[in-house]
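Shown next, in structure tokens, is the structure this report addresses.
Any read-out appearing in this document is the output of simple, stated calculations on the displayed coordinates, not a laboratory observation. Quick caveat: nothing in here was measured; it's all calculated off a predicted structure. All Cβ positions, glycine included, derive from the backbone under ideal geometry; neighbour counts span all protein chains shown.
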Amino acid sequence: MMSSNAPITVIVEPTPLEAGVRVASEIAALVRAKPTCVLGLATGGTPVECYRELVRLHREEGLDFSQVTTFNLDEYVRLAGSHPQSFRYFMQQHLFDHINIPSDATHVPSGIAEDMSLEAIRYEQDITRHGGIDLQLLGIGHNGHIAFNEPGTPRDSRTRIVSLTDATVKANSRFFESESEVPRTAISMGIGTILEAKRILMLATGEGKRDAVKCAVEGEISETCPASFLQEHHDVTFVIDAAAA
Ligand code: F6R
């Protein structure tokens, strides 16, 4: 599956909206071609337009999610799915509540499992049981993180409990009342988990992501910029806006 390092394809769209719509059209094409596909999904500010477009495609063009399975990248530790800042809540609000996907086909790691290490193992097993991820949607952190794999994360990392860097806590505090409310730990797919997806789509928009995109696409492959490991995958496309280029 991993291979001969095909260069990363980069598509530049004029605006964040057009970049989101472009990624949604790629996801929709897969859902039409393979109705039973397994999608890997991301949260954060970046994919909101993409999810809005998928909801529109469902409502106006009948895009059918009834046989689709999803796996999200990550979740904050100690936030229940009913917490407005949890990633489960985000996914319900932005996508799952507005399309015809069965709720038991949507997987987000639990942040409140009694045994979090077991939850991480169970999550990996669930992905495998569903035949692996056909298409993984990613966002990128300013520091080059993918999912919550912060700089220093090894290439072969799997789903596990991780500590967030101060920079990530600060960046994510915009979704909370204050920085002190942002959880410092999360459960996150590993880089090794992500690299096993058959195809990877990275969505990155805004000037603030320019350096991270550059290090991911053409920087040296190293733990310093976790997204640079994407260069080792055979089918990665970055869809970015003009500001991130
Ligand atoms: C979200 C995730 C993160 C974000 C990244 C960018 O599930 O895993 O890696 O994709 O932090 O976040 P935004 O889009 O808010 O800039």
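So here's what we get for this one:
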item	result
Cα gyration tensor shape of the range 136-218, rounded if a/c is under 1.5, else prolate or oblate by comparing a/b with b/c	oblate
Where only C-alpha atoms are counted, convex hull volume of the range 70-119 per residue in Å³	76 Å³
Candidate lysines - alpha carbon under 18 Å from K198, same-chain residues fewer than 8 apart omitted	K34
Stokes-Einstein D for the range 190-245, Kirkwood Rh over Cα pairs, 10 °C, 1.306 mPa s (µm²/s)	138 µm²/s
Cα-based reach from K170 at 30 Å (exclusive), listing lysines while leaving out same-chain residues under 8 positions away	K209, K214
q = 0.21, 0.23, 0.25, 0.28 Å⁻¹, the range 1-62: log10 I(q)/I(0) [Debye, one scatterer per Cα]	-0.98, -1.08, -1.16, -1.24
Kirkwood Rh (inverse of mean 1/r, distinct Cα pairs), the chain, angstrom	17.8 Å
For the chain, built as a Gaussian network whose Cα springs stay under 10 Å, the top-fluctuating residue of G192, G62, G132	G62
At most 15 other Cβ within 10 Å, DSSP loop - trypsin sites (Lys or Arg not before Pro), the range 40-85	R78
Computed Rg/Rh of the range 1-142, alpha carbon atoms with Kirkwood Rh	0.96
Principal axis dimensions, the range 69-201 - Cα atoms, whole angstrom, descending	39, 34, 31
